[in-house]
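Report on one structure; see the data block that follows.
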Amino acid sequence: MNRLEAFEQMLADLRAQAEREQAEMDGLKAAGKEKSATYRQLFANRVLYRMMLERYRAYGLLP
């Protein structure tokens with residue numbers, strides 16, 4: 001696998017993980033568990049994913 005393929009695979013995995021965790025957060029929120037450790041960890045992950053994607057945009061790797 002070359003570097004571009006590896007980047008594309010990592011990006012796809014990152015986006016898929018973000019979607020799965022958002023769905024889990026939505027379920028926790030619906031159950032009134034926004035203050036749980038799990039929800040807070042998922043929220044922190046979401047912030048990290050956004051920062052990573054923003055960095056990729058800044059370098060012109062994403063539209």
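Please determine, in degrees from 0 to 90 and to the nearest 10, the orientation of helix 3-30 with respect to the longest principal axis defined by the Cα atoms of the chain, where the helix direction is its Cα long axis. Orientation of helix 3-30: about 10 degrees from the principal axis. Alpha-carbon geometry of the chain: the Rg and the Dmax are 14.1, 45 Å, given in that order. In the chain, the longest principal axis of the Cα atoms and the axis of helix 37-58 are about 20 degrees apart.
The residue among L48, Y59, L11 whose Cα reaches farthest toward the positive pole of the charge dipole of the chain, with charges on the beta-carbon of Lys, Arg, Asp and Glu, is L48. For the chain, excluding the exposed loop sites themselves (trypsin sites (Lys or Arg not before Pro), DSSP loop, at most 14 other Cβ atoms within 10 Å), the longest remaining stretch covers 1-32.
A short reminder: the numbers here are calculations on the coordinates, not readings from a lab. Just so it is clear, the model here is predicted, and its values are computed rather than measured. Cβ atoms come from the backbone with ideal geometry, glycine included; neighbour counts cover every protein chain shown.
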